[in-house]
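The values are calculated or read from the model by the stated rules, or taken from the named source; none is laboratory data. All figures in this text were calculated on a predicted structure; none of them were measured in a lab. Because the Cβ atoms are built from the backbone with ideal geometry, glycine has one as well, and the counts that use them run over all protein chains shown. Keep in mind that these areas ignore ligands, DNA and RNA; they rest on the heavy atoms of the full protein, side chains included. Shrake-Rupley method; radii C 1.70, N 1.55, O 1.52, S 1.80 Å.
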Amino acid sequence: MKTVNHWIGGKTVEGASGNYGPVTDPATGEVTTQVALASADEVDAAVRVAQEAFRTWGQSSLAARTKVLFAYRALLDANRDAIAELITAEHGKVHSDALGEVARGLEIVELACGITTQLKGELSTSVSNQVDVAAIRQPLGVVAGITPFNFPAMVPMWMFPLAVACGNTFILKPSEKDPSAANKLAELASEAGLPDGVLNVVHGDKAAVDALLAHPGIAAVSFVGSTPIARHIHTTASANGKRVQALGGAKNHMLVLPDADLDAAADAAVSAAYGSAGERCMAISAVVAVGSIGDELVEKIRERAEKIKIGPGNDPTSDMGPLITAAHRDKVASYVKGAADQGADVVLDGTGYTVGGFEKGHWIGLSLLDNVKTDSDAYRDEIFGPVLCVLRAETYEEGVALINASPFGNGTAIFTRDGGAARRFQLEIEAGMVGVNVPIPVPVGYHSFGGWKDSLFGDHHIYGNDGIHFYTRGKVVTTRWPDPSEAPAGVDLGFPRNH
């Protein structure tokens, strides 16, 4: 059986704890790989390697860093398919979706390639007599990233390229459910010329996470995952004196006004709700239909959802793959099974779905729930699967109030032809990312990604300007240099005396 080990100091390091976790092919249900699970001692060893690497990398020139990053970008581009294949094999998403994930990660690598302009400081001359003030940004030291299973390549690339471009060294703790992509990213970085110890991958479970949060040698922690874990990460790491950005869960809404193009809205709802099997924090999981359009919109969504082909991710004809684990599949199914008892109309029931020849895979079909109540489990919880809830509202104001009452505030969207309504929505809605006739408003790399309320813990969003500020700290230098003509008697610098 294949074993995924750690990547520390520019090479593969076998696990020493004796603990291993299973990695399953979601399409077959078979355990194909085992991954080493690090102990606290192994985490400490990785931190010490990263600390030593920081001594030189943190002082390296911007030219040296960007040279590596440009080479890295080229290698990632050349290896898109190989990375995507690893994602499909362990996560289950279809190959085209995995390729899209790699492309979005590449955006942040490209942003990091331009770090020379992002790290320019500020200078004010002559703020007082012969006094200048300069503001500069410097790296933090060793920083860590803890990333989720649903984007095993993209989310790590949202973190470490910027971190190392800013002069930090990095320890990545990816999900133990699909670890191979992280090692591939690290191997390519080494091939691109990144010095040993600058990027390290330590695999593990809660023991490794807790060791990272407590380690005094780590200056900052980035996290993406569920809200309960994000809250724990933020509380624990902050208590240990670390800077933290912890992105949590979501319940993203799509408000559809009566004047909207319902065909476009239905297309968007299906792709945003069921793409990547709903296993993404920016998935639309709640559609709020305003006025009398609800029945027509639900029917259009149903028609489209029934055409989605579910199958193995490496089958080019598949539109949607399996869920990551059987346990997660069963949890998602439980929301659908309980929906009717809590007042919803089950328009499509995807539970019990199987794919011929792959009966042991983690399959579930598409579910569509109508007339969902705000106090039902299917609405309140982040399901993280292909389940779309439709709620009804009589007016725009009622729909906005419903959305703003949610404890989550990651992303949201409005579908309308009315520019005035769209403008009101983007100002009145309580969410960090807003789409106008765009169902999944994930910002491009040079804008930052992050939500509000229980979707973000910490002050910084991820990547973009916020990401650069998170991985650096500001310093202001005030200097006074007397004019050479004022040198003490007996010192001759060749300047004329003015007194």
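Listing for the model above:
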{"quantity": "The one condition in (1) crowded, with 19+ Cβ neighbours inside 10 Å; (2) closer than 30 Å to residue 480 by Cβ; (3) touching a strand residue (DSSP E or B) at 6+ places or on another chain (Cβ under 6 Å) that residue 142 fails to fulfil", "calculated": "(2)"}
{"quantity": "Matching entry among 156, 152 (being assigned to a loop (DSSP other than H, G, I, E, B), of a type outside the set (A, V, I, L, M), within 30 Å of residue 86 (Cα to Cα) and open to solvent by less than 10 Å² (accessible area, probe 1.4 Å))", "calculated": "152"}
{"quantity": "Some residue of region 317-327 being open to solvent by 10 Å² or more (accessible area, probe 1.4 Å) and more than 27 Å from the chain's Cα centre (by Cα)", "calculated": "yes"}
{"quantity": "Test: residue in region 332-344 that is part of a loop (DSSP other than H, G, I, E, B), open to solvent by less than 10 Å² (accessible area, probe 1.4 Å) and touching a Ser or Thr at 6+ places or on another chain (Cβ under 7 Å)", "calculated": "no"}
{"quantity": "Filtered residues of region 5-27 (kept if in contact with a Gly (Cβ under 9 Å, 6 or more places away or on another chain), under 30 Å from residue 310 (Cα atoms), in a strand (DSSP E or B) and open to solvent by less than 20 Å² (accessible area, probe 1.4 Å))", "calculated": "21"}
{"quantity": "Scope region 449-471; condition under 17 Å from residue 101 (Cα atoms) and of a type in the set (Ser, Thr, Tyr); matching residues", "calculated": "463"}
{"quantity": "Some residue of region 480-496 being at pLDDT 85 or above, more than 32 Å from the chain's Cα centre (by Cα) and assigned to a strand (DSSP E or B)", "calculated": "yes"}
{"quantity": "Condition check for residue 36: surrounded by 19 or more Cβ atoms within 10 Å (Cβ to Cβ) and either of a type in the set (A, V, I, L, M) or under 30 Å from residue 14 (Cβ atoms) (or both)", "calculated": "yes"}
{"quantity": "Within region 174-184, considering residues that are open to solvent by 10 Å² or more (accessible area, probe 1.4 Å) and not polar (S, T, N, Q), the one nearest to residue 327 (Cα to Cα)", "calculated": "177"}
{"quantity": "Every pair of residues 6+ apart whose Cβ atoms lie under 7 Å, when the first sits in region 315-328 and is touching a residue at least 40 places away in the same chain (Cβ under 8 Å) and on the phi < 0 side of the Ramachandran plot while the second is of a type in the set (Gly, Ala, Ser) and surrounded by fewer than 21 Cβ atoms within 10 Å (Cβ to Cβ)", "calculated": "326/29"}
{"quantity": "Filter result for the condition that a residue is of a type in the set (A, V, I, L, M), at pLDDT 95 or above, open to solvent by 60 Å² or more (accessible area, probe 1.4 Å) and more than 18 Å from residue 176 (Cα to Cα), over 45, 63", "calculated": "63"}
{"quantity": "In region 185-207, the residues that are open to solvent by 10 Å² or more (accessible area, probe 1.4 Å), more than 16 Å from residue 159 (Cα to Cα) and touching a residue at least 40 places away in the same chain (Cβ under 8 Å)", "calculated": "187, 190, 191, 192, 193, 195, 196, 205, 207"}
{"quantity": "Sole exception among (1) crowded, with 18+ Cβ neighbours inside 10 Å; (2) modelled with pLDDT under 95; (3) of a type in the set (S, T, N, Q) for residue 416, by number", "calculated": "(2)"}
{"quantity": "Evaluation of residue 162 against (1) touching a Phe, Trp or Tyr at 6+ places or on another chain (Cβ under 9 Å); (2) in a strand (DSSP E or B); (3) open to solvent by less than 40 Å² (accessible area, probe 1.4 Å) (one fails), failing number", "calculated": "(2)"}
{"quantity": "Residue identified as farther than 15 Å from residue 200 by Cα, of a type in the set (D, E, K, R) and open to solvent by less than 20 Å² (accessible area, probe 1.4 Å) among 30, 90, 85", "calculated": "90"}
{"quantity": "Total residues in region 366-406, condition over 18 Å from residue 255 (Cβ atoms) and open to solvent by 30 Å² or more (accessible area, probe 1.4 Å)", "calculated": "6"}
{"quantity": "Considering residues of region 435-458 that are surrounded by fewer than 18 Cβ atoms within 10 Å (Cβ to Cβ) and without any contact (Cβ under 8 Å) to a residue 24 or more places away in the chain only, the residue nearest to residue 380 (Cα to Cα)", "calculated": "436"}
